[in-house]
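Scroll down for the structure; my scribbles are underneath it.
The values are calculated or read from the model by the stated rules, or taken from the named source; none is laboratory data. Keep in mind it's a predicted model, so treat the numbers as computed, not measured. Cβ atoms come from the backbone with ideal geometry, glycine included; neighbour counts cover every protein chain shown.
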Amino acid sequence: MSPDYLYIACAIVAVVISGLAKGGFAGVGALAMPIMALGVDPVRGAAILLPILILQDAVSVWAFRKSWDGHVLRVMLPGMAAGVGLGYVFAAQVSESAVLGALGAISVIFGLQRLWVERGGAIILPSNSPAWVGTLFGVASGFTSQIAHAGSPPFQMWVLPRKLPRDMLVGTTAVAFAVMNWIKVPAYAALGQFTRANLTATAMLVPVAIAATFAGVALVRRVDAARFYTLIYVLMVLLGLKLVADALMA
């Protein structure tokens, strides 16, 4: 398969995965970047996906605009912004292979963490852990989001023990990641990634993302969720290992 066809195939699959995640298969969206990185430079791939994520965020924020926790946002957003800055510095100062390796490592860690949670394991923090702990988890969330659009695990580790009501949890998550994705815009612009070619690629993928989001809404009640998630996370670990191997051999 030629590089162009490989990129097109990977981009379509990545956007479909992202759309399914927004449509109800929460957590599977982190698989999008490892797939995208099989066909394109990971920084460019993340920049192509970012405007699509922002469009999807707008829908989520509108839907839950009255349900969010101000304390969580005040604690985590400064750390998330700092983490995005660290991710930008990392991507700007190191080679493409190093970014690929970091993406692979994040994918492996994310996949293993989710498989652990699916089997009933969890990393439990006190529900009253101090604000500075939340800020540190925000830094981790921002860094992994900037590199791999995979900021959910650190965010959830601090927020979930607080046992927010369902709609408030979903709304707080939507607002936090919508704000963080906008924070990432200047970082990717500074990396020179909002080129005409990249924005054209994004525009071409938007209809796929919209269709996949509606497909996720339709499928989420018809698919065996346990098996689906297990398959996704195992695939994420395998793809992450491949990206790490590719980085080491580069």
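Observations
- For segment 148-158, the set of residues classified as assigned to a helix (DSSP H, G or I) and touching a residue at least 24 places away in the same chain (Cβ under 8 Å) consists of ALA148, SER152, PRO153, PHE155, MET157, TRP158, listed by residue number.
- Of note, ARG196 does not satisfy the criterion of being closer than 15 Å to LEU73 by Cβ and either surrounded by 15 or more Cβ atoms within 10 Å (Cβ to Cβ) or modelled with pLDDT of 90 or more (or both).
- GLU118 vs. criteria over 16 Å from GLY27 (Cα atoms) and modelled with pLDDT under 90: no
- Residue within segment 73-89 that is out of contact with any helix residue (DSSP H, G or I) (no Cβ under 6 Å at 6 or more places or on another chain), modelled with pLDDT of 85 or more, over 27 Å from GLY134 (Cβ atoms) and of a type outside the set (A, V, I, L, M, F, W, C) present: no
- Residues in segment 224-245 that are touching a residue at least 24 places away in the same chain (Cβ under 8 Å) and over 21 Å from ALA150 (Cβ atoms): ALA226 only.
- Boolean, VAL206 is under 19 Å from the mean Cα position of the chain (by Cα) and under 20 Å from VAL59 (Cα atoms): yes
- Positions within segment 178-197 being within 19 Å of the chain's Cα centre (by Cα) and assigned to a helix (DSSP H, G or I), in sequence order: ALA178, VAL179, MET180, ASN181, TRP182, ILE183, LYS184, VAL185, PRO186, ALA187, TYR188, ALA189
- Residue check for SER107: in contact (Cβ under 8 Å) with a residue 12 or more places away in the chain and part of a helix (DSSP H, G or I): yes
- Among the residues making up segment 177-193, those that are without any contact (Cβ under 8 Å) to a residue 60 or more places away in the chain and either surrounded by 12 or more Cβ atoms within 10 Å (Cβ to Cβ) or aromatic (Phe, Trp, Tyr) (or both) are PRO186, GLY192.
- Hits in segment 198-250 - residues which are among the charged types (D, E, K, R) and not in a helix (DSSP H, G or I): ARG221, ARG222, ASP224
- Residues that are within 13 Å of the chain's Cα centre (by Cα) and assigned to a loop (DSSP other than H, G, I, E, B) were ranked within segment 26-78; the one that is surrounded by the fewest Cβ atoms within 10 Å (Cβ to Cβ) is ALA26.
- Test result for ARG162, without any contact (Cβ under 8 Å) to a residue 60 or more places away in the chain and among the charged types (D, E, K, R): no
- For PRO161, the conditions (1) part of a helix (DSSP H, G or I); (2) touching a helix residue (DSSP H, G or I) at 6+ places or on another chain (Cβ under 9 Å) all hold with the exception of (2).
- Pairs with Cβ under 7 Å, 6+ apart, first in segment 12-33 and within 16 Å of SER141 (Cβ to Cβ) and touching a residue at least 40 places away in the same chain (Cβ under 8 Å), second surrounded by fewer than 24 Cβ atoms within 10 Å (Cβ to Cβ) and of a type in the set (Lys, Arg): GLY27/ARG114
- Set SER141, SER107, SER129: member being touching a Pro at 6+ places or on another chain (Cβ under 9 Å) and over 21 Å from LEU49 (Cβ atoms): SER129
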